[in-house]
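All remarks here apply to the structure that follows.
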Amino acid sequence: DTGVSQNPRHKITKRGQNVTFRCDPISEHNRLYWYRQTLGQGPEFLTYFQNEAQLEKSRLLSDRFSAERPKGSFSTLEIQRTEQGDSAMYLCASSPFGGGSSYEQYFGPGTRLTVT
Amino acid sequence: DAKTTQPTSMDCAEGRAANLPCNHSTISGNEYVYWYRQIHSQGPQYIIHGLKNNETNEMASLIITEDRKSSTLILPHATLRDTAVYYCIPQEGNEKLTFGTGTRLTIIP
């Protein structure tokens with residue numbers, strides 16, 4: 001399968017613990033996005049990378065959140081000192097950039113985080 | 001970002017055409033209209049996009065009004081697997097997607 005993959009698919013953690021999620025984009029895609037989705041709402045943008053550079057961060061991304069894409073391939077999203085309000089689906093997407101390509105984003109299946 | 005207005009929910013009989021409207025009256029000249037859908041418990045899926053001409057692909061057709069203030073996504077022969085939330089999103093280039101609450105389409109057997 002050459003789509004976007006995310007691991008783990010589900011994570012249950014206790015309040016105050018740190019968690020890390022991984023996203024593997026489609027291999028030739030330069031751009032990688034993270035979104036968060038709570039029940040009944042559309043996904044909300046968190047941050048995106050072009051290759052290894054983090055180009056934009058949403059105000060939703062508090063100091064407890066950090067994202068990296070060290071070699072311009074996979075990305076990780078870490079949440080420190082989790083709170084119950086962090087419970088959500090975390091979605092990763094990738095897209096090509098430049099060269100006349102179209103800009104649709106391809107989403108992974110998401111990581112569902114439950115903070116107890 | 002352009003604001004969008006979509007019906008909260010719609011029903012469509014299986015085998016019939018599903019027509020999903022979207023108003024985007026503040027869309028800028030450089031913004032394309034993208035449509036995505038999200039089937040329950042899955043990530044969003046790209047469907048189609050257009051700038052000012054009507055577009056068709058293997059999944060759907062997109063009709064954009066001449067003034068570009070609204071568009072309609074058409075699923076020509078809806079199946080049960082088309083039950084999903086459909087999002088209309090103006091987008092310029094590779095920028096982030098701004099999702100609204102979309103239209104929850106239910107296909108009735």
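Placing +1 on the Cβ of every Lys and Arg and -1 on the Cβ of every Asp and Glu, with nothing else charged, gives the protein assembly as shown a dipole about its Cα centre of roughly 740 debye.
Taking only C-alpha pairs under 8 Å that are 6+ residues apart, what is the relative contact order of the range B:1-86 in percent? With pairs under 8 Å counted, the relative contact order is 33 percent.
Rounded to the nearest Hz, the phi-derived 3J(HN,Hα) couplings of the range A:66-79 under the Karplus curve 6.51 cos²θ - 1.76 cosθ + 1.60 (θ = phi - 60°) are 9, 10, 9, 8, x, 10, x, 10, 6, 10, 10, 10, 10, 10, where x marks glycine and proline. Computed about its Cα centre, the charge dipole of the range A:1-113 is approximately 440 debye, with only Lys, Arg, Asp and Glu carrying charge at their Cβ.
A cut-off of 5 Å between modelled amide H atoms, ignoring neighbours fewer than 5 places along the same chain, links residue A:114 with A:11, A:12, A:13. Tell me, which longest segment in chain B has none of the trypsin sites (Lys or Arg not before Pro) that fall in DSSP loops with at most 16 further Cβ atoms within 10 Å? In chain B, the maximal stretch lacking such sites is B:70-109.
Classification of the protein assembly as shown by its C-alpha gyration tensor yields a prolate form. The axis ratio a/c (a ≥ b ≥ c) is 1.5 or more, and a/b outweighs b/c. Burial of accessible area (probe 1.4 Å, heavy atoms of protein chains only) in the range B:29-48, relative to its chain alone, reaches at least 20 Å² for B:34, B:36, B:38, B:41, B:43, B:44, B:46.
Qualifying GluC sites (Glu not before Pro) in the range A:2-72, where qualification requires a DSSP coil assignment and no more than 11 other C-beta atoms within 10 Å, comprise A:28. When A and B come together, around 1500 square angstrom of accessible surface is lost from both chains combined, probe 1.4 Å.
Taking amide H atoms as placed 1.01 Å from N in the peptide plane, the amide H of residue B:78 lies under 5 Å from those of B:15, B:16, B:17, B:18, each 5 or more residues away in sequence or on another chain. Backbone amide hydrogens, once placed in the peptide plane, bring residue A:58 within less than 5 Å of A:47, excluding anything fewer than 5 places away on its chain. A probe of 1.4 angstrom, applied to the heavy atoms of all protein chains, finds residue A:60 with accessible area near 60 square angstrom. Contact residues in the range B:54-98 by the 40 Å² criterion (accessible area, 1.4 Å probe, full protein complex versus chain alone): B:94, B:96, B:97. All Cα-Cα distances of chain B, cut into 5 Å bins from zero to the largest, leave 2, 13, 25, 26, 20, 9, 4, 1, 0 percent in each bin in turn. What the phi angles of the range B:66-83 give under the Karplus curve with 6.51, -1.76 and 1.60, with θ = phi - 60°, is a coupling list of 4, 7, 6, 8, 8, 8, 9, 8, 10, 9, x, 9, 5, 10, 4, 6, 7, 5 Hz, glycine and proline written as x.
Here is the list for the range A:7-116: trypsin sites (Lys or Arg not before Pro) lying in DSSP coil, each with at most 15 other C-beta atoms within 10 angstrom of its C-beta, are A:9, A:14, A:15, A:59, A:64, A:71, A:81.
On a per residue basis, the protein assembly as shown carries 51 Å² of accessible surface, using protein heavy atoms and a 1.4 Å probe. Among A:37, A:17, A:50, the largest mean-square fluctuation in a Gaussian network model of chain A (Cα springs under 10 Å) belongs to A:17.
Accessible area of the range A:15-62 with a 1.4 Å probe: how many percent of it is carbon plus sulfur? Carbon plus sulfur share of accessible area: 39 percent.
The values are calculated or read from the model by the stated rules, or taken from the named source; none is laboratory data. All values reported here derive from a predicted model rather than from experimental measurement. Neighbour counts run over all protein chains shown; Cβ positions are idealised from the backbone, glycine included. SASA here: full protein model, heavy atoms, side chains in, ligands and nucleic acids out. Shrake-Rupley method; radii C 1.70, N 1.55, O 1.52, S 1.80 Å.
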